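One structure is given below, encoded as structure tokens.
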Amino acid sequence: MQKINVNGIEFAYTRHGAGTPLVLLHGYPLDGSIWSELVPLLTDQFELIIPDLRGFGESTTGDTASTMDTFASDVARLVDHLGFEKAALAGHSMGGYVALAFAKNHPNRVRGLGLVSSQVLADPPERKQGRYDTADQVAAKGIGVVVEAMTSKLTPDERVRAFAQSVMEQQRPNGIIGALKAMAEREDLSTLLPDVKYPVVLVHGDADALIPIERAREVKNAIPRAHLVELKGVGHLPMLEASDETAKALRHLG
């Protein structure tokens with residue numbers, strides 16, 4: 001694990017392999033370790049950069065409120081630090097929101113975009129309020145409320161569920177609260193889709209209980225040339241539940 005100072009935080013990341021730069025962005029409320037099974041499957045084609053987003057894993061939170069643009073700015077500064085003019089990005093769930101914000105703010109620096117169990121739409125009002133309510137509960141009771149609520153929804157695979165639970169239990173309340181509020185306030189980026197010129201890969205399980213597979217199909221309809229992989233019986237964590245298929249899909253970003 002390496003660390004740099006960006007935007008008032010200590011930003012932790014790992015690097016693996018050689019080739020086309022590919023930044024893998026984890027979802028909520030996890031950290032970069034969720035990509036571990038993909039590393040040996042992709043390092044022959046890509047140089048993988050796997051950060052812990054601010055407030056998660058070994059990255060600190062900072063004093064300012066988190067937004068998707070803030071998360072994306074951290075990633076852009078990391079790409080600068082590593083000397084890459086362009087990089088492909090693949091984001092899982094919330095990491096997909098960060099990748100989309102990066103694509104919005106730095107369109108000329110994107111070599112390819114992968115959305116894994118993610119979406120481009122903003123939260124409807126009830127979902128937005130639910131995130132704020134959860135943030136209040138975490139502030140009052142700790143991260144256990146999120147771990148308890150999320151574990152059973154992440155995946156039907158008991159092995160993967162146990163691993164995901166152990167990762168969630170290591171996270172910190174301030175990181176979770178910041179991410180919840182950032183997700184609640186994220187913008188609808190579906191207008192970004194018609195102008196996309198780089199490769200787009202969509203990976204989604206048809207048993208995803210958190211973000212329905214219809215969200216990926218909507219992106220495919222907006223970008224017909226996008227490469228969509230639908231994974232039968234897979235939940236919200238394709239990189240762990242179906243690592244071979246997910247890695248094969250992400251190779252289209254190279």
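The values are calculated or read from the model by the stated rules, or taken from the named source; none is laboratory data. This structure is a prediction, so every number in the text was calculated from the model and none was measured. All Cβ positions, glycine included, derive from the backbone under ideal geometry; neighbour counts span all protein chains shown.
Structure notes:
- Matching residues in segment 39-91 - criterion: being among the charged types (D, E, K, R) and in contact (Cβ under 8 Å) with a residue 60 or more places away in the chain: ARG54, ASP74, ARG77, LYS86
- Considering each residue of segment 201-211 in turn, none proves to be at pLDDT below 95 and farther than 30 Å from GLU148 by Cα.
- Wholly enclosed helices (runs of 4 or more DSSP H) of segment 171-241 bearing at least 1 residues among the small types (Gly, Ala, Ser) and more than 18 Å from the chain's Cα centre (by Cα): 214-222
- Breaking point among (1) touching a Leu at 6+ places or on another chain (Cβ under 7 Å); (2) farther than 24 Å from VAL229 by Cα, for MET183: (1)
- Selection within segment 62-84 - of a type outside the set (S, T, N, Q) and modelled with pLDDT under 95: GLY62, ASP63, ALA65
- Candidates ASP195, ASP206, ASP188, ASP244 - the one that is among the charged types (D, E, K, R), out of contact with any strand residue (DSSP E or B) (no Cβ under 8 Å at 6 or more places or on another chain) and closer than 29 Å to THR43 by Cα: ASP244
- Flag if LYS104 is within 25 Å of LEU228 (Cα to Cα) and modelled with pLDDT of 95 or more: yes
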